[in-house]
Structure formats: C-alpha cells, structure tokens
Amino acid sequence: MNTAAVRFKGVSRHYGSVRAVDEVDLSIAEGEFFAMLGPSGSGKTTCLRLIAGFDQPTAGEITIFGEDTRGVPPYKRHVNTVFQDYALFPHMNVLDNVAYGLMIAGMPKAERHKRAEGALELVALPGFGGRKPSELSGGQRQRVALARALINEPRVLLLDEPLGALDLKLREQMQQELKDLQRKLGITFIFVTHDQGEALSMADRVAVFNDGKIVQIGKPEDVYYRPEVPFVADFVGSSNVLPPHVVEKIAGKWTHASVRPEAVSLVDAGLGVDGLHATVHSTAFLGTATRVSLDLDGFSMVALLPKGTRIPETGEQVHVKWSPEDLHLMDTA
Amino acid sequence: MSEHVLETERSGGLRGISDVLWRNPRLVIFLLLAPPALWLGIVYLGSLFALLAQSFYSIDEFSGLIQYEFTLKTYGELFTPANFDIIVRTVVMSASVTIAAAIIAFPIAYFAARYAKGKWKALFYIGVMLPLWSSYLVKVYSWKLILAKEGILNWLFETLHLSWLLNAYLSIPVIGGNSLSVSATGTFLVFLYVWLPFMVLPIQASLERVPPSMLEASGDLGASPQQTFRHVLLPLALPGVIAGSIFTFSLTLGDYIIPQIVGTSRRFIGQAVYAYQGTAGNIPLAAAFAVVPIVIMAFYLWVAKRKGAFDAL
C-alpha cells in the first residue's frame with residue numbers, strides 16, 4: 001500500500017505571530033503506530049487537532065488516505081480521537097457513551113448497545129455499561145474513551161496524551177495494552193506524548209517536535225542512539241550535550257556531540273587517569289542505579305552509575321570518562 | 001529564633017477566639033448558618049404558612065368579615081370562569097416569556113461562555129447587568145413610551161412604510177390592541193426585556209462548565225453541530241436553562257406592575273392578589289391566588305426532575 005494514511009505537505013498553523021506548527025512535512029503509513037513527541041507548546045497536539053479537523057491549517061495540505069481534508073469538518077472525517085481529559089459525556093452512562101457514534105449514525109438501540117458491550121469487552125470492562133463516568137476510576141475512564149473512539153471503526157485513531165493522568169503502574173500496563181490492541185486491530189495509531197519513554201517503548205516511528213517543527217523523525221532506536229540535533233539528544237535520551245570547547249578538543253570538525261548518562265564512568269581524580277575534570281554536585285538514588293550530577297567548569301553533566309559502583313560524595317573531585325564509541329557526533333549549525 | 005516549635009500557651013483576645021473556633025468546626029458552621037436559618041425559618045417560611053392558613057379561611061359574603069374556619073370554598077372560587085381566566089392568562093404569559101427568554105438568552109450566553117475573553121467578557125457582564133442598575137419602574141415607563149402610538153416603534157414602521165404590517169398584527173384578537181402599549185404583546189415584550197438577565201446568567205454559568213473537548217468529542221464521533229447541540233450541549237446546559245426559567249417563570253407569575261402599566265385591562269394573578277387583599281379586603285381569596293404560583297412552580301420542578309433535567313448537575 002503506497003497511499004499514506006496521513007500526509008502533511010508544508011503544513012503551518014499560525015495564531016497571530018505565534019507559529020504553533022511551522023512548515024511540517026510528514027507521512028504516516030497505514031497500520032503504523034506513530035508517536036509525536038515533544039515538550040508542551042511544541043506543536044504536536046496542534047498537528048493532531050489538524051488531522052481530527054478541530055483546527056484548520058493556515059497553509060499547506062493534509063491528506064488522509066490520499067483525500068484532501070481542506071474544508072472537511074470533523075464529523076465527516078473517518079478518524080476518531082481519544083482526548084486527554086477523556087471528554088466522556090457526564091449525562092450518559094458508559095454504554096450510551098460508547099454507543100454514541102452509532103446512535104448518531106442512526107443504528108437501532110438494541111443493536112448499538114450490543115456492539116457497545118462488545119467494545120467494552122475489547123477494553124476489558126465488560127458489564128460496566130450501566131455506570132456513570134463519574135463512578136469510574138481514571139484508568140477505567142480511559143478505557144471507556146478508547147472503546148468510544150473505536151466503535152466507529154476508524155482507519156486512523158488519534159490519541160492525545162491519553163495516559164497523562166494515570167499513575168505510573170497503570171501507565172505501564174496501558175502502554176502494553178494499547179500496543180497489543182493496535183496490533184490486533186491493525187489500524188493506524190497516532191499518539192501524542194511528552195513522555196519520551198512512552199513514545200520509544202510503544203511506537204514504530206517517532207517524530208520529535210520542537211518549536212512547531214519536526215526536528216527528527218525515525219525509529220525509536222535511531223532517535224535514541226543517533227540524535228541528529230542536540231535538542232533530540234537532550235530531550236529524548238536526557239543525553240549529555242557536550243560543551244563546544246570540549247567537542248573541539250576531542251573531535252575537531254564536528255560542532256556538537258553527546259554522550260548518554262549510562263555510558264559515563266567516573267574515576268577518582270587522585271589515580272592520575274586521563275579524563276575531564278569535574279566536581280560532584282549532587283547524587284540521587286534511583287533504585288537500579290544512582291544519578292550523579294556533575295559540574296564541569298560551570299557546565300552540568302549527568303552520569304548514571306549502575307549498582308555496585310562506588311558512589312562519590314558531594315563536592316568530590318573526579319575524572320569523567322567514556323568509551324569513544326559512546327560519543328555521538330552531530331554536525332549541525 | 002523561638003525555643004519552641006509549637007506555641008502551646010493559650011493566647012487571649014481575638015486570637016483566643018480563633019483558636020477555639022479552629023478546634024470546633026461544627027461550632028463555626030452553626031454560627032454561620034444560624035442567622036440565615038432563623039431568617040428563612042421564621043420570616044420567610046412563617047409568612048408562607050400564614051399565607052397558606054389564610055387561604056383556607058373564607059369571607060362572609062354579607063358582612064365582608066373573614067370567617068376563621070377551615071374550608072375549601074375559597075379555593076373553589078379560583079375555578080369560577082372569571083378567576084380561572086386570570087390564572088390561565090398568567091400561566092400562558094409566563095410560559096411564553098420563559099420560552100422566548102430561553103431562545104434569546106442561549107446564543108448570548110453561548111457567546112459569552114465560549115468565545116468572550118477578557119475585555120469582551122467584561123462588556124458582556126456590563127451589557128447583561130446594566131438594565132438591572134436602573135429602576136424597574138423607569139424601565140417599564142420607557143417601554144410604554146417606545147410602544148405607544150406616538151412612540152419610536154410606530155414611527156419606525158411608518159418610515160419604512162410598514163404601518164400596514166403593524167396594524168394587521170394589532171388587529172389579531174387577544175394578542176393585539178389599539179397600540180402595542182395597550183396590547184398583550186406589549187406586556188410580553190416588557191416582561192421579556194425585564195427578566196432576560198435572569199435567564200442569561202444561569203445559562204452562561206452552566207455553559208461555562210462544559211469543556212470544549214466535550215463538544216469536539218461529539219463532532220469527532222460523527223455528530224453534526226445540530227446533533228451535538230441536541231445530544232450534548234443542551235442536556236449539559238439544561239440545569240442552567242431550568243434555573244433561568246425558574247426566575248423568569250415565577251417572576252412573571254407574581255408581577256403586578258408591568259401588566260398595569262403596559263397592556264390591556266385584563267388582569268394577571270399579581271394584580272388579582274393586589275386587588276383582593278387591598279380594596280376588596282378579601283384576604284382569603286388573595287391568599288388562595290398567591291398559592292397558585294407556588295403550586296405551579298412545585299409541579300414544574302417535579303416534572304423537570306422526572307425528565308432528568310438535573311442529571312448533569
């Protein structure tokens with residue numbers, strides 16, 4: 001299939017002088033689990049709203065399965081959305097919420113309720129139909145929102161930070177379930193998140209947004225291990241983007257370089273081993289590892305030391321080292 | 001720095017009172033609620049029961065004195081054709097004013113809740129509240145001038161060569177009359193104007209609580225704007241519409257000044273109450289008339305509740 005599920009051609013959305021989305025080009029294949037990752041205000045949610053039709057681009061063209069979406073209202077697009085706040089209708093019970101799309105389409109009550117029961121089973125909430133949304137927990141509401149969005153059998157499902165309001169354990173469980181569900185249904189998922197772990201663990205491909213532009217697009221491993229710009233290195237991997245004078249010293253012609261915190265090792269300054277000189281600023285115990293914040297002549301850097309390594313004291317002088325293959329070089333203006 | 005973390009010694013004066021109140025939250029609630037509860041309980045409910053009691057007495061037709069004996073005779077009088085006419089007229093007027101007010105208020109409230117921000121929101125509040133700043137009587141008399149035969153509305157119709165239209169309308173029985181200022185339509189327009197803010201504000205408050213994502217979700221699931229209005233926006237705004245209609249409906253039911261200044265000589269409940277308790281000295285019948293709006297409102301709220309109007313609260 002060579003028609004893309006969703007394609008952006010030079011799409012911009014400006015609000016006055018603010019460029020929320022700025023000349024974005026993008027192509028999402030059918031059946032792909034695609035993540036839009038970026039800090040808040042980076043334009044990822046606006047892109048999602050442009051696909052859903054809640055907002056119109058200032059310039060450029062968006063096609064869904066090859067069809068131009070210009071002037072097509074949301075209710076005429078076969079894409080459905082799972083909202084960040086779930087947006088369940090408080091005056092309807094769960095079953096009527098899930099069956100809403102079918103009710104609008106004019107399906108008789110008995111049939112749509114039967115289908116809605118099926119959708120609730122799909123999201124592991126059988127028998128919850130009689131309850132009001134206010135009687136459900138956050139995780140259950142999220143599943144209802146998912147069932148409601150899936151009942152119209154969309155070809156593209158848009159998810160706007162759907163796991164943002166859940167606690168850590170539930171998030172991890174839902175991440176797995178969403179991924180399984182996407183495999184099972186085979187429809188295109190477009191997932192907006194500011195959580196890099198979520199994007200990397202779930203998506204087939206990730207687009208990293210910053211200031212309304214896509215700064216890198218690729219497989220999770222590429223984005224994680226081979227960032228093309230310092231922003232991606234910093235935001236996606238929490239990598240240490242090295243100061244220019246250090247880069248100049250170790251790799252002349254490159255302008256930027258990064259090294260992952262787990263690749264950094266610390267050596268006692270007294271041992272006379274060659275390396276960069278640093279002062280320990282603070283340490284934080286994370287369970288499986290300890291995060292050490294370092295100060296390199298006013299430039300901060302983070303090392304992640306595995307269990308069993310000696311953890312230096314705050315204020316201690318150390319030498320910072322890494323293997324040459326862990327140094328990632330970027331050539332960008 | 002102080003030696004102790006806790007200030008354990010008791011302090012006197014106002015701080016001492018604060019300490020006592022802090023330790024007894026129930027006392028605080030009691031102190032806050034007692035005055036209004038007394039006010040409502042004695043002054044308001046008391047007078048309501050006195051009214052109710054009066055309506056079960058009757059008046060001696062020969063002596064004109066009140067007979068303090070329980071009877072339903074006075075209520076029976078409400079159903080004589082002349083009196084029942086007054087009730088029907090008032091209820092129809094109140095219902096028309098309420099429906100018209102809801103239709104006009106909804107778009108205004110929707111604009112204010114969804115689109116107005118900052119300066120525009122302030123302008124909205126001033127626009128809605130401004131009529132409430134001036135005297136009710138002055139507003140009603142200004143409307144009389146607007147609607148009168150020599151008034152600006154008549155002039156406007158003449159200038160546009162549409163006098164025939166106005167005259168045709170005024171020749172319709174019941175709602176027409178010699179001029180707008182002495183027609184039932186005139187009474188309706190003034191009622192509508194005077195009570196409109198009481199409809200706009202509750203609807204605006206209820207619409208403000210509907211998150212935009214709720215409407216987007218409806219559209220996302222295939223609902224056209226009309227369907228979204230019917231299945232999502234209206235049900236969620238209904239408590240506000242009901243609250244507003246309680247104001248417009250009950251205020252119209254009880255008003256006796258507007259129909260006296262603008263409109264026909266046919267009476268409304270308020271005017272009947274005023275006349276019977278005053279010049280006629282028939283307090284029992286006045287009381288029975290006054291009970292009618294209370295019964296109608298209770299019935300209205302009961303129906304609204306049964307129809308699920310408050311489900312979204």
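Brief remarks follow.
- Reach of residue B:307 by Cα under 18 Å, taken over aspartates and glutamates that are not fewer than 8 positions away in the same chain: A:96
- At 1.306 mPa s and 10 °C, Stokes diffusion of segment B:154-223 via Kirkwood alpha-carbon radius, µm² per second: 101 µm²/s
- Look at the stretch A:72-82: the mean tally of other chain Cβ atoms within 10 Å of its residues' Cβ atoms is 4.
- Unit charges on C-beta of K, R, D, E only; dipole of segment B:80-306, Debye: 260 debye
- Most mobile listed residue (A:266, A:158, A:146) in chain A, GNM with C-alpha springs under 10 Å: A:266
- Residues B:310, B:289, B:79, A:83 arranged by fewest to most Cβ contacts within 10 Å: B:79, B:310, A:83, B:289
- Across the alpha-carbon atoms of chain A, the computed radius of gyration and Dmax are 23.7, 81 angstrom.
- The 3J(HN,Hα) values that the Karplus relation (6.51, -1.76, 1.60; θ = phi - 60°) gives for segment B:195-205 are, in residue order, 9, 3, x, 6, 8, 4, 5, x, 5, 4, 4 Hz. Gly and Pro appear as x.
- The slack in the chain from residue B:130 to residue B:4, taken as 0.36 nm per residue of separation less the alpha-carbon distance, amounts to 39.7 nm.
- Estimated [θ] at 222 nm from DSSP helical runs (n ≥ 4, -39500 (n - 2.57)) normalised by residues in the protein assembly as shown, nearest 500: -14500 deg cm²/dmol
- Order of B:249, A:299, A:33 under a 10 Å beta carbon neighbour criterion, fewest first: A:299, A:33, B:249
- 0 to 90° range, to nearest 10: angle between helix A:138-150 axis and chain A longest Cα axis: 60 degrees
- Degrees between helix A:109-122 axis and first principal axis of chain A (Cα, 0 to 90, nearest 10): 20 degrees
- Partner lysines whose Cα lies under 25 Å from the Cα of residue B:305, excluding those fewer than 8 positions away in the same chain, are identified as A:109, A:132.
- Rg and Dmax, both from the Cα atoms of chain B and both in Å, are 26.0, 92.
- Phi to ³J(HN,Hα) by Karplus 6.51 cos²θ - 1.76 cosθ + 1.60 over segment A:7-16, Hz, x for Gly, Pro: 10, 9, 10, x, 7, 10, 9, 10, 10, x
- Cα→Cβ-extended label distance, 7 Å offset, between residue B:71 and residue B:280, nm: 1.5 nm
- Backbone amide hydrogens, once placed in the peptide plane, bring residue A:276 within less than 5 Å of A:320, excluding anything fewer than 5 places away on its chain.
- Built amide H within the under 5 Å cut-off of residue A:256, gap 5+: A:330, A:332
- Between segment A:155-181 and segment A:286-306, the Cα center-to-center distance that results, in Å: 30 Å
- For segment B:209-220, the Karplus equation 6.51 cos²θ - 1.76 cosθ + 1.60, evaluated at θ = phi - 60°, returns couplings of 7, 8, x, x, 4, 5, 6, 5, 4, 5, x, 4 Hz by residue, with Gly and Pro reported as x.
- An ellipsoid equivalent to the protein assembly as shown, defined through the eigenvalues of its Cα gyration tensor, has semi-axes of 68, 34, 25 Å when rounded to whole angstrom and sorted largest first.
- Long pairs among A:114/A:219; B:119/B:139; A:213/B:117; B:119/B:144, criterion Cα-Cα beyond 31 Å: A:114/A:219; B:119/B:144
- Largest GNM mean-square fluctuation among B:253, B:215, B:27, using chain B with Cα springs under 10 Å: B:27.
- Set of segment B:97-131 residues, backbone N closer than 15 Å to the point 7 Å along the Cα-Cβ line of residue B:175: B:97-101
- Shielding by partners for peptide A:85-95, expressed as the average number of C-beta atoms from other protein chains within 10 Å of each residue's C-beta, is 5.
- Contact order for chain B, expressed relative to its length and based on alpha carbon pairs under 8 Å spaced 6+ residues apart, stands at 24 percent.
- Cut-off 15 Å, label 7 Å out along Cα→Cβ of residue B:294, residues of segment B:243-261 by amide N: B:254
- Cα radius of gyration and Dmax for segment A:1-97 (Å): 14.7, 44
- Taking amide H as placed 1.01 Å from N in the peptide plane, residue A:60 has its amide H under 5 Å from the amide H of A:12, each at least 5 places away in sequence or on another chain.
- Fraction of antiparallel bridges per DSSP, the protein assembly as shown only, in percent to nearest 5: 75 percent
- Taking B:17, B:257 and counting other C-beta atoms within 10 Å, the order from fewest to most: B:17, B:257
- Considering only A:288, A:58, A:81, the Gaussian network model of chain A with Cα springs below 10 Å gives its largest mean-square fluctuation to A:288.
- At the listed q of 0.21 Å⁻¹, the Debye profile of segment A:144-264, built from one uniform point per Cα, gives log10 I(q)/I(0) equal to -1.22.
- For the pair segment B:188-218 and segment B:17-60, the centres of their Cα atoms are 32 angstrom apart.
Taken together, the values in this text are just the output of simple stated rules run on the coordinates, not laboratory data. No experiment lies behind these values; they were computed from the predicted model shown. As a convention, Cβ positions derive from the backbone with ideal geometry for all residues, glycine included, and neighbour counts pool all protein chains shown.
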